[in-house]
Amino acid sequence: MKKVAIIMGSDSDLPVVSKAADTLKDFGVPFEVHIFSAHRTPVEARDFTVNARENGFGVIIAAAGMAAHLAGAIAANTTLPVIGIPMKSKYLDGIDALLSTVQMPSGIPVATVAIDGAVNAALLSIEILALSDETLAKKLQDKRNSDTAKVLEKNAAVEAQFNS
Ligand code: RP5
């Protein structure tokens, strides 16, 4: 199976980004985690990215906050699918990172998830890998079914409480 790369701009992103790693682990998807910054370590970010396909990666998740150029800079250097996670930060609540990540120019796509949306970034990367992996596709459907069952259970409890 292809690996997922999880790249973050700073170790301060780790508490949120680790949820993506946990999700990939739950699905048995191989992954690596790195700290590369578009601004502080641009050479290392580029080197990793240009070699990612031949190093066995199928998807790259890039998480960054503030003037969040990491996902876009990575997407500029690969045709692997890139998923951007805009990180919340203390001044603008992540709106700065959201706009920096989502507003890519035509030709260089970044699939941007919600602010701090690490779990969805991981799930989306798994959905991409599952296009050519039936076992993974079944695991995704099983999780979706079990999530649905949990919500229906909560609905039944609320209906029993208020609608009798
Ligand atoms: C971004 O700047 C990082 O992704 C992080 O979200 C933000 C702040 O980084 P630190 O100053 O905490 O290292 O590049």
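The values are calculated or read from the model by the stated rules, or taken from the named source; none is laboratory data. The structure presented is a predicted model; accordingly, all values stated were derived computationally and were not measured. Note that we place each Cβ from the backbone using ideal geometry, even for glycine, and neighbour counts take in every protein chain shown. These area figures cover heavy atoms from the full protein model, side chains too; ligands, DNA and RNA do not enter into them. Shrake-Rupley method; radii C 1.70, N 1.55, O 1.52, S 1.80 Å.
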Could you say whether any residue in region 69-88 is away from the ligand (no atom under 16 Å from the Cβ), in contact with a Lys or Arg (Cβ under 7 Å, 6 or more places away or on another chain) and part of a helix (DSSP H, G or I)?
no
All positions within region 1-24 that are closer than 23 Å to Lys88 by Cβ and of a type in the set (D, E, K, R)
Asp11, Asp13, Lys19, Asp22
Considering only residues that are surrounded by 24 or more Cβ atoms within 10 Å (Cβ to Cβ) and within 11 Å of the ligand (Cβ to nearest atom), which ones fall in region 50-68?
Ala62, Ala63, Ala64, Gly65, Ala68
Residues to consider are Ile128, Ile85; find the one that is touching a Gly at 6+ places or on another chain (Cβ under 9 Å) and open to solvent by 30 Å² or more (accessible area, probe 1.4 Å).
Ile128
Scan Asp47, Asp11, Asp93, Asp26 and give me the residue that is near the ligand (Cβ under 9 Å from one of its atoms) and acidic (Asp, Glu).
Asp11
Residue check, Ala160 at pLDDT 95 or above, closer than 16 Å to Gly58 by Cβ and either not charged (D, E, K, R) or not in a helix (DSSP H, G or I) (or both):
no
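Please work out if Ala97 is touching a residue at least 40 places away in the same chain (Cβ under 8 Å), surrounded by 18 or more Cβ atoms within 10 Å (Cβ to Cβ) and either in a helix (DSSP H, G or I) or out of contact with any Leu (no Cβ under 7 Å at 6 or more places or on another chain) (or both).
no
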